[in-house]
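The values are calculated or read from the model by the stated rules, or taken from the named source; none is laboratory data. Predicted model only: the values in this text are computed from it and were never measured. Virtual Cβ from ideal backbone geometry, glycine too; neighbours counted across all protein chains shown. Heavy atoms of the whole protein, side chains included, go into the accessibility calculation; ligands, DNA and RNA do not. Shrake-Rupley method; radii C 1.70, N 1.55, O 1.52, S 1.80 Å.
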Amino acid sequence: MGSFVRGRPTSQKVGGGVVAALLASAPFGGLAGPAASGPETISPGKPLMVGPYEVIIDKVVELPDLKPAVSPQPSQRVIVLDTRVTLTGDRPEYAVTLKDNVAVSGGGVKVDDNPGLYFVEDATAMSNFNPGLTYRLALTFTTSGPWQGDTVTVKSNLVEFREQDSATLDPNAWVSRDEVRGQGTFTLERRS
């Protein structure tokens with residue numbers, strides 16, 4: 001057997017050595033594929049992409065209301081993500097793509113799954129975005145009561161562009177995959 005190995009070209013000897021090393025490392029993950037990457041980390045001031053939107057969350061605040069935009073029942077509260085949002089594409093897009101793909105959790109209360117999106121300056125509702133502009137917006141979530149705890153978990157879904165989508169009548173649409181793309185924990189500021 002030794003003369004057979006010595007008679008092989010160097011490239012075959014090196015290839016055999018690589019195969020032997022991989023087989024020896026197999027019990028320790030040597031043959032495993034790349035590690036699955038988890039969700040991107042969302043943190044204050046760090047940009048994250050939600051479909052065509054670059055979103056920067058500056059802070060998370062709990063308020064009794066956000067009048068005149070949001071007026072919940074007296075027992076309810078409003079969680080506000082104070083954001084800066086830029087549409088990075090080259091065509092106008094609807095705000096619903098952003099609203100439907102960001103969520104909050106972790107406060108021990110029920111969170112309304114239909115958030116609102118309002119201009120911070122005048123509390124008017126945001127319905128669509130123009131490309132290349134940055135907007136300061138309040139992404140609002142009404143809760144069933146006061147938030148319990150001092151942190152809020154923010155999650156964003158993976159949103160992909162599809163030129164043709166059998167699920168919609170609109171070609172060239174942004175579609176949610178209902179898969180968490182980003183997640184982070186924010187300190188909650190409380191205001192009365």
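Here is how the numbers come out for the structure above:
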{"read-out": "For R181, residues with placed amide H under 5 Å, excluding near neighbours", "value": "S156, N157, L158"}
{"read-out": "Rounded if a/c under 1.5, otherwise prolate or oblate - the stretch 40-190, Cα gyration tensor axes", "value": "prolate"}
{"read-out": "From phi via Karplus (6.51, -1.76, 1.60), per-residue ³J(HN,Hα) for the stretch 48-58 in Hz, x at Gly/Pro", "value": "9, 9, 10, x, x, 9, 8, 10, 10, 9, 7"}
{"read-out": "Per residue, in Å², the accessible surface of the stretch 40-190 once ligands and nucleic acids are set aside, probe 1.4 Å", "value": "51"}
{"read-out": "Backbone HN-Hα couplings from phi across the stretch 145-155 [Karplus 6.51/-1.76/1.60, Hz, Gly and Pro as x]", "value": "x, x, 5, 9, x, 10, 10, 10, 8, 10, 10"}
{"read-out": "Simple Cβ-charge dipole of the stretch 39-192, Lys/Arg +1 and Asp/Glu -1, about Cα centre, in debye nearest 20", "value": "420"}
{"read-out": "Sequence ranges 72-81, 85-94, ranked by mean other-Cβ count within 10 angstrom, highest first", "value": "72-81, 85-94"}
{"read-out": "Separation in nanometres of the label points that stand 7 Å from Cα toward Cβ, at V180 and D90", "value": "3.6"}
